[in-house]
């Protein structure tokens with residue numbers, strides 16, 4: 001899915017609203033990464049002239065996939 005399509009489909013979601021039953025794959029360049037704490041990361045993903053902010057909660061990823069996102073999330077620069 002292109003970032004523009006993602007914005008069109010999910011852009012009306014309210015601040016802090018989580019959509020947990022949908023998996024979305026996006027392609028783009030990570031232009032900024034910020035950590036709120038050791039388990040919560042924010043990424044600014046740019047592509048096709050658009051930008052989205054991705055919130056990655058390591059505890060949710062661990063619960064859903066069994067993978068330790070905290071380790072892989074810390075390797076992205």
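The values are calculated or read from the model by the stated rules, or taken from the named source; none is laboratory data. Bear in mind that the values here come from a model prediction, so they are computed numbers and not experimental data. Note: ideal-geometry Cβ built from the backbone for every residue, glycine included; neighbour counts use all protein chains shown.
Below is a table of values for the structure above.
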| read-out | value |
| --- | --- |
| Pairs where the first residue, in the stretch 55-66, is in a strand (DSSP E or B) and the second is modelled with pLDDT of 80 or more, C-beta under 7 Å, 6+ apart | 55/42; 56/41; 56/43; 57/39; 57/40 |
| Residues located in the stretch 28-47, provided they are touching a helix residue (DSSP H, G or I) at 6+ places or on another chain (Cβ under 8 Å) and closer than 14 Å to residue 3 by Cα | 28, 45, 46, 47 |
| Residue that is surrounded by the fewest Cβ atoms within 10 Å (Cβ to Cβ) [pool: residues in the stretch 1-46 that are touching a strand residue (DSSP E or B) at 6+ places or on another chain (Cβ under 8 Å) and part of a loop (DSSP other than H, G, I, E, B)] | 27 |
